[in-house]
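K.L.:
This structure is in structure tokens; I'll ask about it shortly.
Taken together, the values in this text are just the output of simple stated rules run on the coordinates, not laboratory data. Predicted, not measured: the structure shown is a model, and the values here were computed from it. Ideal geometry is used to build each Cβ from the backbone, glycine not excepted, and the neighbour counts take in all protein chains shown.
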Ligand code: NCD
């Protein structure tokens with residue numbers, strides 16, 4: 001009997017084995033989509049998005065629809081009673097009455113954790129401030145495993161806003177658990193990876209890492225490059241954002257010395273970090289990543305609702 005996954009707040013809430021089970025299920029869904037179309041019949045997902053989103057919210061909703069389930073929620077805090085001063089606790093207790101599982105995005109770090117303490121249904125963190133984004137991490141892991149054929153023995157470069165990018169923080173924590181991973185952090189000094197991750201994750205586990213400022217200096221060593229946008233909404237000062245926003249633009253020239261097996265990932269939205277000309281390059285994986293995000297969320301919803309047993313005629 002598998003252990004229940006009560007909530008997914010941080011990528012380390014899933015063991016390596018549980019993570020792999022979800023990726024395996026996502027691969028099974030990709031191979032045989034029709035078998036899953038009624039798995040979540042009569043189940044309801046609530047999507048509570050207090051911060052903007054295109055892919056995460058819509059992929060959660062598309063995932064639930066493809067599983068035959070229902071969806072309700074809001075895509076904007078202004079459309080909820082948060083504007084009247086309602087607390088997260090009260091909102092969550094209310095929405096727990098209407099749904100079987102909740103995906104929640106919030107600008108405040110820790111908000112989904114607080115929600116999980118009051119909810120009577122499972123909570124999935126769909127991004128909390130500059131902190132974590134575990135379902136994007138599952139998407140990224142599935143993409144790397146499908147494209148590179150493995151999750152170990154990789155050199156992975158993170159490029160852009162490594163300070164505020166929650167997708168970077170989550171993926172770093174998850175990748176740190178696989179064997180023989182080398183991390184390369186490509187960022188201006190002001191946007192480098194936070195010290196707590198260096199100390200608590202990299203140094204504590206004696207993992208090799210390098211901090212650099214230029215893509216060209218390391219591109220030939222990378223198996224994966226994870227591009228990110230500068231997180232405008234988390235800057236205190238508009239001038240700093242304007243100065244830093246176009247620091248990195250990955251174009252075909254910068255890819256000249258890259259490996260042919262390189263995977264180029266980006267959680268999206270893209271602003272200017274990857275030139276459009278790269279989209280046609282076989283190494284560009286960011287739109288495959290979008291599609292993988294839907295399948296991995298289907299797998300996660302099934303697993304968290306305990307509906308991931310052998311799919312049979314009963315569905
Ligand atoms: C990311 C996010 O919201 O953190 N987007 C996403 O979920 N795919 C990345 C970003 O906004 O830059």
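K.L.:
Exactly one condition in (1) within 25 Å of residue 42 (Cα to Cα); (2) surrounded by fewer than 18 Cβ atoms within 10 Å (Cβ to Cβ) is not met by residue 105; state its number.
P.N.:
(2)
K.L.:
Within the range 231-243, can you find the residues that are free of Cβ contacts under 8 Å to residues at least 60 places away in the same chain and part of a helix (DSSP H, G or I)?
P.N.:
Answer for the range 231-243, where residues must be free of Cβ contacts under 8 Å to residues at least 60 places away in the same chain and part of a helix (DSSP H, G or I): 232, 238, 239, 240, 241, 242, 243.
K.L.:
Can you tell me which residue in the range 265-285 is farthest from residue 223 (Cα to Cα), limited to those that are without any contact (Cβ under 8 Å) to a residue 24 or more places away in the chain and not in a loop (DSSP other than H, G, I, E, B)? Walk me through it before giving the result.
P.N.:
First pass over the range 265-285, keeping only residues without any contact (Cβ under 8 Å) to a residue 24 or more places away in the chain: 276, 279-280, 282, 284.
Then keep just the ones that are not in a loop (DSSP other than H, G, I, E, B); that gives 276, 279-280, 284.
Numbers: 276: 21, 279: 18, 280: 18, 284: 12 Å.
Per the criteria, the residue is 276.
K.L.:
Any idea which of 207, 250, 262 is in contact (Cβ under 8 Å) with a residue 24 or more places away in the chain, more than 16 Å from the ligand (Cβ to nearest atom) and either more than 20 Å from residue 192 (Cα to Cα) or crowded, with 21+ Cβ neighbours inside 10 Å (or both)?
P.N.:
So the residue among 207, 250, 262 that is in contact (Cβ under 8 Å) with a residue 24 or more places away in the chain, more than 16 Å from the ligand (Cβ to nearest atom) and either more than 20 Å from residue 192 (Cα to Cα) or crowded, with 21+ Cβ neighbours inside 10 Å (or both) is 262.
K.L.:
Related question: When the residues of the range 124-151 are filtered to those that are touching a strand residue (DSSP E or B) at 6+ places or on another chain (Cβ under 7 Å) and farther than 30 Å from residue 236 by Cα, which remaining residue is surrounded by the most Cβ atoms within 10 Å (Cβ to Cβ)?
P.N.:
By that ranking, first place goes to 144.
K.L.:
Considering every residue within the range 170-183, establish whether at least one is within 11 Å of the ligand (Cβ to nearest atom), under 21 Å from residue 272 (Cα atoms), in contact with a strand residue (DSSP E or B) (Cβ under 6 Å, 6 or more places away or on another chain) and assigned to a helix (DSSP H, G or I).
P.N.:
Scanning the range 170-183, I find no residue that is within 11 Å of the ligand (Cβ to nearest atom), under 21 Å from residue 272 (Cα atoms), in contact with a strand residue (DSSP E or B) (Cβ under 6 Å, 6 or more places away or on another chain) and assigned to a helix (DSSP H, G or I), so the answer is no.
K.L.:
Yes or no: residue 163 in a helix (DSSP H, G or I), under 23 Å from residue 248 (Cβ atoms) and within 16 Å of the ligand (Cβ to nearest atom)? Don't jump to the end; show me each part of the working.
P.N.:
Values: in a helix (DSSP H, G or I): no; under 23 Å from residue 248 (Cβ atoms): yes; within 16 Å of the ligand (Cβ to nearest atom): yes.
Spelling it out, it is not the case that residue 163 is in a helix (DSSP H, G or I), under 23 Å from residue 248 (Cβ atoms) and within 16 Å of the ligand (Cβ to nearest atom).
K.L.:
Now, a different point. For the subset of the range 210-230 comprising residues that are in a helix (DSSP H, G or I) and touching a residue at least 12 places away in the same chain (Cβ under 8 Å), which member is farthest from residue 274 (Cα to Cα)?
P.N.:
Step by step, filter the range 210-230, then rank; the result is 221.
K.L.:
Filter the strands (runs of 3 or more DSSP E) completely within the range 39-135 down to those with at least 3 residues that are away from the ligand (no atom under 12 Å from the Cβ).
P.N.:
44-49, 70-74, 101-106
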